[in-house]
Amino acid sequence: MAFASLFAPDFPFQAVVRLEPELRSRAIAILAGTPPLARVFATNRQARQLGVETGMTKVQAEAFQDVTWRWRSLSQEESAYAALRDCAWTISPRVQDGARPEGQDFSDTVVLDLAGCEKLFGTPQKIAQDLQRVASEVGFGTNVAVAGNISAAVCAAKGFAGVTVIPAGEEAVHLGTLSLEALRLPFAVVQTLHRWGIRTCADFAALPEIAIVERLGQEGLSWWRLAQGAENKPLIAKDFPCDFEEHMDLDSSVELLEPLLFVLNRLLDQVSTRLRLHILSIAEVKVTLTLERNDSKKKEPIAHVRTLRLPVPTRDGKLLLKLLRLDLEAHPPSSPVTAVSILAVPTKARSQQFGLFLPLSPDPERLEVTLARIQNTVGEGRVGAPVLLDTHGPNSFQQNRFVLPEVNEQHSTNEKRTTAVMRIYRPPLAAAVEFGEGRPTFLSCEGVRRQVLAFAGPWRRKGEWWSETPWAREEWDVEISALRPKVQAGHDVDIESETALYRVYRDLRAKRWFVEGIYD
Amino acid sequence: MKYVELHASSAFSFLEGASRPEDLVSRAKELELPAMALVDRDGVYGSPRFHMAAKSVGIRPHVGAEVSVEGFGNRARPPSWMLNAAPQRPVRLPLLVKNRTGYQNLCRLMTRYKLRETEKGTGTATLKEVAEHAEGLVCLTGGDEGVLSASLSNQGYDEARSQIEKLTTIFGAKNVYVEVQRHSDVAEERRNQAAVRLAERLGLPLLATNGVRYATGAESEILDVFTCIRHHVKLETAGRLLERNDERHLRSAQEMAKLFADLPEAMHNTSELSSRLEYTLADLGYEFPRYPVPAGETMDSFLRKRTEEGLQSRYGAKRDEGLFARAQKQIQRELALIERLHLAGYFLIVWDIIRFCREQNILVQGRGSAANSAVCYSLGITAVDPVGMELLFERFLSEERGEWPDIDLDLPSGDQREKAIQYVYQRYGQLGAAMTANVITYRDRSAAREVGKALGFDRETLDQLSSVVNSGEWRGPSDNFENHFQQVGFDLNHPLVRKYWELCERIQDLPRHLGQHSGGMVVCQGQLDSVVPLEPATMPGRVVVQWDKDDCADMGIVKVDLLGLGMMAVLEECLELIPKHYSKPVDLAQLPPDDPPVYETLCRADTVGMFQVESRAQMASLPRNAPVKFYDLVVQVAIIRPGPIVGKMMHPYMRRRQKREEVSYAHPSLEPVLKRTLGVPLFQEQLLRMAMIAANFTGGEAEDLRRAMGFKRSEERMNEIEEKLRTGMTQNGFSPETQEEIITQITSFARYGFPESHAASFALIAYASAYLKYHYLAAFTAALLNNQPMGFYSPAVLVHDAQLHGLRVKPINALHSEWNCTIEHAVREGKDIPCLRIGFRYVRGMKQMTADKIVFGRQERPFEGVDDFVRRIPDLKKADLVTLSEVGALNSLGEGMHRRTALWQVERAARSAGPLLGAIPEQKELSPLRQMTDEERLVADFHGSGMSTGPHPMSYCRKALSKLQVKRACDLARLPDGQYTRVAGCVIARQRPGTAKGFVFLSLEDETGISNVIVNPDLYEKYRKVINREKFLRVEGVLQNQDHTISIKASRVLPISITSAETQSHDFH
């Protein structure tokens, strides 16, 4: 039995430079968090040598010259890890994700079972070197270790640089020189061991077994075996992926097609390389462009999605790029692009297992088709389920994706219902309001001027004063002759004789009037 | 049309209002409101300030409060789908006070439900209680928080009507006003329409108010931040918990008239109601309790007899006829004044507390200006003879002042002081005595933390910011939020950061919550709860009034300060330990007055652990002042104060003391006053006497002068007094130059000066501490360590200092230690040598009960080993066992046992083996672990007990340091002044006094003592991070060795790596 472990040191940094190899030799710091709370999340060796430390704020770290900044992208890290996993799959069908470093939300290790691989790929040394080479092809600098059990392989890959092959039975000797940190034990256990004066795996491994069980319990025994390189856990294999995704957050938004294609080319290269490792082709490619928001109030990103279904599966990067260029020329994004994702679907068919006892409900696929049809009719972004927001602000709802409600969901009935219903104009109608003696007298809107017959107000609201987008408004309810006729087939309506109740408001910051809506 | 705002809340509604009462008043003045009512939530916390401010600008201050009541349902709540559903709270009734009965009812009502509170701010009155206390009160139906809004929103019009009818039954129809508020909110207007209909149907008057929560609209932002703090949410996610708009500010009559143009009667009724509210706090009805005297006696005669007894015992014992006669005369004078001012009761009550303490063997001593009084001395309240020391009585009490005298009593901190406090409660009843409050306001650090949280900054960032926000006295030009923000790497151009900065500045000094004053007690004849509402304190058995000590003073409530003084507890413990371990009785009153070795120690500034003279600044001046008698010590205690330093008196005095400057007087007539202090005024009493001699002021006038020039100085009043001073001095023939000099001295000094009587009281304690430390080091150090935290130095420094003075300090040991540090005896060369054993109280995290069980357990029979120890003391947690092992406390539990063996064994012993294996015999097992190194031992000692009884960390690297030409602290005295020198050590104190113009003083400790470092402001800015954070420093600079005062003027500060042990430092206090 032999297992290999593939470990990418400084993984967040590698996730970035794999798509921007020209940065590899530079000092890089990865930032995470929302400004102004952005902090250095990860660095590479060069940056550390300059004095940049994780946890520094952006402003502090900016004091260091010659450091290149990149924002952390979870999607980018996710696709990078998938690529690392792909490398393992080139050797063995039995691949397992490594544990996350303590306190982190990413994984940087992949483990693979080498049983039977020797006949196909040669000695463990060669396999390890092949793995390192393959990883390097997809842009990773890695440590690879081969050992008789998973834990020893993982520890060795973390503890020793380059390729390490531990002959069977020599795990304890090899791992002995490593510090306890390489075992990634819980913090409290490391503390206890430090109190005992234990610093290395060899120190730990040298303690008597029964004494360890007496003091640290069965878990302790497992850690002790780990330090000896004798912990034998089975490998829990992962399923092969059904699609391949690559993602890149752009440092600055891209408006022109040419630079965008440059980025797309890099991503397609990566996808193609990964698919090549598995001897697969692309059946469908979906490009998602994240667009810049002009209206910075809303936080959700706008996505411009284009899907290419290829009549013939291919891995030809140039062809794919050409097809994408044509498609994007025909359907250009409406705003500058801030992030690009490519999802490639290999030729494998999707399989789905339905539950035997699930209640009958609309077929989700048919529902998706229906929603897509509605969307085609009413326009993009106009289909969803409205959800009220807890704010005094205007337009205080958000549109969530429509999902089938739970059958047993009950609505509270004892809360009061609103008595008046207002239909909101989106966007609001620009208007002018004339005042006399502090009260509204005339409203002009859509080219007509109406006398205010009755009014109530002003109602004032303000909010988000702490943010970059504070707002304040003064609202009035006014009764005037209707601005627009009601739609009543076959009848001519005398607009002048019909009155309606409108909500008008003044944006106190922009100093402009609008008609917000009409009461039913 | 006139308008009176009758529903305004201040920041004393604690996080529900955003302006100080003073700001509300000044805004009301700008808006020309003739009167205003302060109606804070469940209290009259801000009323004294509101009253004083309003009085000064001629606005009539009405009193009221919003009272939480159950029985009217809960406040209307936002819908349940909202992210931040506000918690259920009962409605609040805004009650306004018509007359003194009403005020007393309001105070009693609030006291009643406040004292029931199990959690702060959750008390509610029952309907029955409200009904019982309704007389003299006017009830409003309230705004958002009120009964009308709640019933209309929750149940509708009919329910609202029935609730209002309930109110009219309780308060009477004439005393219920239907309140209407307009904050440009459509839902509120809907309620207003219902309210108007209701008022009409029920025949009740309407009342327009603005439900004020801040003085101006801009402060609505602060209220939003407070709301977030109150609900523990961020601004971004607070949603509808925040204010809808900024309309709850004070408005002028014109604005309100416009707003209520359709309801003119609601406006008119504000003036009408205001005229009905006759009561103000000027009519508080406070009376100090009468002391119960035997039949046939009056309080005056009883006091006279007690004073006479004291005169005989205290002055009679001195066998000085002249002094006795002078004292007798002085006492007669004082008693006559006390009788005229009807203060005998006050003196007797304080005397009674003293008597109780004496009976209970509690050490007690009066401090402050009371030490000027021969009556206080005779009654045993103070320990300093004011006649012998020629102290000025008028500083304590004068006829002109019309204020209560102030007597502060120092008691041993801890249980003993609590006993005295409980005695006062017991004597005057729970509703007759209470502690004064301490209003906790937002300061730099708390503002930065809480505003930061509200704005959504993460904890780590806030921790970093807190670490750089300076809490020291000195605020240099760089000590502002702008710099602090830059230091933690904030981008000041970011709008959110700018807002953060701005809010931190604006929130300063606003009240956050109510704490308890450390020792101020107020007592009252009759029921104190009818004078001010009382609340339970966090400490069980304590009751607090809603006002702080200044408010109590402003309202004419007399207070007695029962202050806990750590050193008193130390002295008291010494009195127990010395006879037991040295076989010598000791009486603090009979200490040899001028013991030469004690003064020699003081002159060497070898004063670590001594009361008042241990600080860095005191140490620097002691060799110059070179005290040789008690009065020198009185001067020493007083001279390192802002008064003499700001008034530039310290250096002239020191020069004269060292005979480098001739003693001279501004005018020959001042010689008798200033002779004792070599012509330099150092005490407030001297200043008073100077005014009396130079300008013919009476004692009372002179004290009036001091107060006028004190902290609350008024320009007008000062000018008046200065004029009077000049006139007097001109009459006495003082030249204009002399007049100028005297006036400068008086004005610069009045503000910060220290009363001589107070200095003398403190000097007594300082001398006692110095005497005990010198003669009974083991007992003194044990007592000091048992009463931490106190004083200037950490326990580790105290222990090291004691070791340097030859005391053998033994480490914590499971077989010998007790909870407290104790004295053991060793025999060396046939002599009994007392040694100090560190107690379990220094084992991190250990509880006293556990320690006591260890002591009890080993008294039963000795522990056989670790297993036996763990088995027999089941209270010991694993963490305790680990810490005990780490600090070596279990080493005696087995042969050849070292710390790691103990750690190895406790790890097994702490895992329960179950009952089956419970009785197996002790396993003698060898540990496979190696012994700790010196460094590991140091780290373990400091981590586990905050100190080490072994060698000082610096001693381990002395060789290497010597190669770098780094001098030891003890070497510095031999080096010449001006030599460029290097020192290194563990930072034990960092100081930046307010009077030092931004200079920072560091104390570095090495194995031979303490070296002092002076860092100039520029250098500090350069090395700020290193100086503030590093535990060990190497400092290079020029040595200043003048008059036996030694320090290094730093020119370079470097961090050095000595140990990773968690040493402690006393920083910026």
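Under the condition of being hydrophobic (A, V, I, L, M, F, W, C) and in a helix (DSSP H, G or I), which residue from the range B:927-947 is nearest to the other protein chains (Cβ to nearest Cβ)? Working first, answer last.
Kept after step one, since they are hydrophobic (A, V, I, L, M, F, W, C), are these residues of the range B:927-947: B:929, B:932, B:938-940, B:942, B:947.
Restricting the remaining residues to those that are in a helix (DSSP H, G or I) gives B:938-940, B:942.
Details: B:L938: 14, B:V939: 10, B:A940: 8, B:F942: 14 Å.
The qualifying residue nearest to the other protein chains (Cβ to nearest Cβ) is B:A940.
In this structure, is B:R844 surrounded by fewer than 23 Cβ atoms within 10 Å (Cβ to Cβ), within 14 Å of B:S945 (Cα to Cα) and charged (D, E, K, R)?
Yes, satisfied.
Kindly indicate whether B:Y771 is at pLDDT 85 or above, closer than 30 Å to B:A383 by Cβ, aromatic (F, W, Y) and over 26 Å from the mean Cα position of the chain (by Cα).
yes
For the range B:47-161, list the helices (runs of 4 or more DSSP H) that sit wholly inside it and hold at least 2 residues that are in contact with a Pro (Cβ under 7 Å, 6 or more places away or on another chain); which are they?
Hits in the range B:47-161: B:47-57, B:100-114.
With the condition kept exactly as written, say whether any residue in the range B:971-992 is under 26 Å from B:A620 (Cβ atoms) and free of Cβ contacts under 8 Å to residues at least 40 places away in the same chain.
Checked the range B:971-992: at least one residue is under 26 Å from B:A620 (Cβ atoms) and free of Cβ contacts under 8 Å to residues at least 40 places away in the same chain.
Determine whether the range B:236-245 contains at least one residue that is of a type in the set (A, V, I, L, M, F, W, C), surrounded by 20 or more Cβ atoms within 10 Å (Cβ to Cβ) and more than 10 Å from chain A (Cβ to nearest Cβ).
Kept after step one, since they are of a type in the set (A, V, I, L, M, F, W, C), are these residues of the range B:236-245: B:238, B:241-242.
From what's left, surrounded by 20 or more Cβ atoms within 10 Å (Cβ to Cβ): B:238, B:241-242.
Pick out the ones that are also more than 10 Å from chain A (Cβ to nearest Cβ) and you get none.
Within the range B:236-245, none of the residues are of a type in the set (A, V, I, L, M, F, W, C), surrounded by 20 or more Cβ atoms within 10 Å (Cβ to Cβ) and more than 10 Å from chain A (Cβ to nearest Cβ).
Can you confirm whether the range A:36-53 contains a residue that is at pLDDT below 80 and within 12 Å of chain B (Cβ to nearest Cβ)? Walk me through how you get there before you give the answer.
Of the residues in the range A:36-53, the ones at pLDDT below 80 are A:36-37.
Still in the list and also within 12 Å of chain B (Cβ to nearest Cβ): A:36-37.
Yes - at least one qualifying residue is present in the range A:36-53.
Looking only at the range B:559-576, count how many residues are buried (at least 16 other Cβ atoms within 10 Å of the Cβ) and part of a helix (DSSP H, G or I).
Total satisfying the criteria: 10.
Return the residues of the range A:126-175 that are surrounded by fewer than 23 Cβ atoms within 10 Å (Cβ to Cβ) and over 17 Å from A:A88 (Cβ atoms); say none if nothing qualifies.
A:G148, A:G159, A:F160, A:A161, A:G162, A:P167, A:A168, A:G169, A:E170, A:A172, A:V173, A:H174, listed by residue number.
Give, as residue ranges, the helices (runs of 4 or more DSSP H) completely inside the range B:608-647 that count at least 3 residues that are within 22 Å of B:G791 (Cα to Cα) and in contact with an Asp or Glu (Cβ under 8 Å, 6 or more places away or on another chain).
B:630-639
Condition first: in a helix (DSSP H, G or I) and farther than 11 Å from B:V560 by Cα. Now tell me which residues in the range B:342-361 satisfy that.
Residues satisfying the conditions are B:A344, B:G345, B:L348, B:W351, B:D352, B:I354, B:R355, B:F356, B:C357, B:R358, B:E359.
In the range A:197-209, what count of residues is obtained for those that are within 14 Å of chain B (Cβ to nearest Cβ), out of contact with any strand residue (DSSP E or B) (no Cβ under 7 Å at 6 or more places or on another chain) and buried (at least 16 other Cβ atoms within 10 Å of the Cβ)?
Going residue by residue through the range A:197-209, those that are within 14 Å of chain B (Cβ to nearest Cβ) are A:197-200, A:202-209.
Those left that are additionally out of contact with any strand residue (DSSP E or B) (no Cβ under 7 Å at 6 or more places or on another chain): A:197-198, A:202-209.
When the remaining residues are screened for being buried (at least 16 other Cβ atoms within 10 Å of the Cβ), the result is A:197-198, A:202-205, A:207.
The number of residues fulfilling the criteria is 7.
Taking the range B:9-30 only, how many residues are on the phi < 0 side of the Ramachandran plot and touching a residue at least 40 places away in the same chain (Cβ under 8 Å)?
Selection size over the range B:9-30: 15.
Just to check your reading of the model, which residue among B:P579, B:P585 is surrounded by fewer than 16 Cβ atoms within 10 Å (Cβ to Cβ) and modelled with pLDDT of 90 or more?
None of the others qualify; the one that does is B:P579.
Among the listed residues B:E219, B:E179, which satisfies the condition of being surrounded by fewer than 24 Cβ atoms within 10 Å (Cβ to Cβ) and either in contact (Cβ under 8 Å) with a residue 60 or more places away in the chain or more than 10 Å from chain A (Cβ to nearest Cβ) (or both)?
Only one candidate qualifies: B:E219.
Here is a list: A:L443, A:L388. Which entry is within 14 Å of chain B (Cβ to nearest Cβ), surrounded by 10 or more Cβ atoms within 10 Å (Cβ to Cβ) and at pLDDT 70 or above?
Answer to the selection: A:L388.
So which of A:P259, A:P333 ends up being out of contact with any Lys or Arg (no Cβ under 8 Å at 6 or more places or on another chain), farther than 30 Å from A:L112 by Cβ and in a loop (DSSP other than H, G, I, E, B)?
A:P333
Scan (1) farther than 26 Å from B:E1005 by Cβ; (2) surrounded by 19 or more Cβ atoms within 10 Å (Cβ to Cβ) for the single condition B:R837 breaks and write down its number.
Looking at each condition in turn, B:R837 falls short on (1).
Looking at B:G414, B:G429, can you tell me which residue is surrounded by fewer than 21 Cβ atoms within 10 Å (Cβ to Cβ) and under 24 Å from B:R290 (Cα atoms)? If you could, list the steps in order and put the result at the bottom.
Numbers: B:G414 fails: under 24 Å from B:R290 (Cα atoms).
That would be B:G429, the only listed residue that is surrounded by fewer than 21 Cβ atoms within 10 Å (Cβ to Cβ) and under 24 Å from B:R290 (Cα atoms).
Condition first: surrounded by fewer than 22 Cβ atoms within 10 Å (Cβ to Cβ), closer than 25 Å to B:L688 by Cβ and of a type in the set (D, E). Can you find one or more residues in the range B:374-388 that meet it?
yes
Across the range B:256-275, which residue is surrounded by the most Cβ atoms within 10 Å (Cβ to Cβ) among those that are part of a helix (DSSP H, G or I) and within 12 Å of another protein chain (Cβ to nearest Cβ)? Write out each step before concluding.
Initially, the range B:256-275 is screened for residues part of a helix (DSSP H, G or I), giving B:256-259, B:264-275.
Pick out the ones that are also within 12 Å of another protein chain (Cβ to nearest Cβ) and you get B:258-259.
Numbers: B:K258: 11, B:L259: 20.
Of everything passing the filter in the range B:256-275, B:L259 is surrounded by the most Cβ atoms within 10 Å (Cβ to Cβ).
From the set of residues in the range A:180-196 that are assigned to a loop (DSSP other than H, G, I, E, B) and either surrounded by 13 or more Cβ atoms within 10 Å (Cβ to Cβ) or more than 34 Å from the chain's Cα centre (by Cα) (or both), which is farthest from the other protein chains (Cβ to nearest Cβ)?
That would be A:R184.
Out of curiosity, is B:A238 assigned to a loop (DSSP other than H, G, I, E, B) and at pLDDT below 95?
No: the conditions fail for B:A238.
Find the strands (runs of 3 or more DSSP E) located wholly in the range A:1-115 whose residues include 2 or more that are within 29 Å of A:G229 (Cα to Cα), and list them.
In the range A:1-115, A:3-7, A:95-97, A:109-113 are the strands (runs of 3 or more DSSP E) which contain 2 or more residues that are within 29 Å of A:G229 (Cα to Cα).
Which residues, counting only those in the range B:868-919, are modelled with pLDDT under 90, among the acidic types (D, E) and surrounded by 22 or more Cβ atoms within 10 Å (Cβ to Cβ)?
B:E907
The values are calculated or read from the model by the stated rules, or taken from the named source; none is laboratory data. Bear in mind that the values here come from a model prediction, so they are computed numbers and not experimental data. Heads up, the Cβs are rebuilt from the backbone with ideal geometry, glycines too, and the neighbour counts pull from every protein chain shown.
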